[in-house]
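The values are calculated or read from the model by the stated rules, or taken from the named source; none is laboratory data. Small disclaimer: the values here were computed from a predicted structure and weren't measured. Glycine gets a Cβ as well: all are built from the backbone with ideal geometry, and neighbour counts include every protein chain shown.
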Amino acid sequence: MNYKLNKRLLCAASFVERGASVADIGCDHAYLPIYLIKENIASSVVACDINEGPCNTARENISRQGLENVIAVKCTDGLCGIEDIAPENIVICGMGGDLIFRIISESAYTKENRPLLILQAMTKVNELRASLLYSGYNIEKEALVYDDRLYEVIVCRYDGIKREWSEAELLTGIHTEKNELYKIHIDKLIKQYTVIIKGKKKALLDTSKEEKILEELQNERNRII
Ligand SMILES: C[S@@+](CC[C@H](N)C(=O)[O-])C[C@H]1O[C@@H](n2cnc3c(N)ncnc32)[C@H](O)[C@@H]1O
């Protein structure tokens, strides 16, 4: 098996702290856990998944690499029983933003132990940001990565301080590196909001909220030209 990761998972892996104990929630094939051990990034990884099928695939792939001693497989719902593993880093990739937040909020572990959370949501990334910030998680870093499409990776940790971002900031994320991908990301959002406003206007609906978001997005775009 080739343990090289796709760009999306590679980007998530780049935020794992060197020497950390890691839990990969929703591990599926366990490519990420295998990579983290093979590349000497993590000291140990627990590959977790709610479904037996992925857990079995994970076990097979891990055993093919002879890594059973450093990668355990746990068949569990979200962070259920995570206290026994006590990971320093938790990775949750490839799920919807609402599911990711449900998983985080259903356990006290991330608040009590403050592990680094590396999250990559397939949908509702803005809602995930809003829920995290409102619940006292500090978004420390973000990254954009282009694989088959643009993906966003959020790195955060609980510190108990609630934060409020504007609607536009929740959509864009806060990126220190205003690179080409960031431009593509903002352009996509501008296009999306232009279409939403057009549709709402056609239906004679109030567009003031969307117009405010669009204006903020356009201002941000102008700042990075
Ligand atoms: C689309 S795959 C993503 C796999 C990998 N993390 C990635 O990003 O490529 C989603 C995985 O999450 C698992 N999953 C869904 N809900 C879960 C939950 N509540 N707890 C743990 N795993 C879950 C699924 O069984 C599936 O294997």
Pairs returned, first residue in the stretch 172-190 that is under 13 Å from ARG223 (Cβ atoms), second residue that is aliphatic (A, V, I, L, M) and in a loop (DSSP other than H, G, I, E, B), beta-carbon separation under 8 angstrom, 6 or more apart or interchain, are LYS178/ILE224; TYR182/ILE224; LYS183/ILE224; ILE186/ILE224
Those residues of the stretch 83-103 which are more than 11 Å from the ligand (Cβ to nearest atom) and either part of a loop (DSSP other than H, G, I, E, B) or of a type in the set (A, V, I, L, M) (or both) amount to ILE85, ALA86, PRO87, GLU88, ILE90
Practice problem: Please indicate, with yes or no, whether at least one residue in the stretch 184-205 is assigned to a loop (DSSP other than H, G, I, E, B), modelled with pLDDT under 95 and not basic (Lys, Arg). | Solution: no
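Given ALA108, ALA58, which one is modelled with pLDDT of 95 or more, crowded, with 19+ Cβ neighbours inside 10 Å and not hydroxyl-bearing (Ser, Thr, Tyr)?
Details: ALA108 fails: crowded, with 19+ Cβ neighbours inside 10 Å.
When all the criteria are applied, what remains is ALA58.
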If you go through GLU127, GLU164, GLU140, the only one that is away from the ligand (no atom under 15 Å from the Cβ) and at pLDDT below 95 is GLU164
Among ILE161, ILE154, the single one that is in a loop (DSSP other than H, G, I, E, B) and either under 20 Å from ALA108 (Cα atoms) or touching a Lys or Arg at 6+ places or on another chain (Cβ under 8 Å) (or both) is ILE161
Residue hits (the stretch 3-55; under 21 Å from ARG157 (Cα atoms), in contact with a Leu (Cβ under 7 Å, 6 or more places away or on another chain) and away from the ligand (no atom under 12 Å from the Cβ)) are VAL16, GLU17, VAL22, ALA42, VAL45
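Here's the yes/no breakdown for (1) touching a strand residue (DSSP E or B) at 6+ places or on another chain (Cβ under 8 Å); (2) of a type in the set (Gly, Ala, Ser):
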site	(1), (2)
HIS29	no, no
TYR35	no, no
ASN51	yes, no
ASN56	no, no
GLY66	no, yes
GLY94	yes, yes
LEU99	no, no
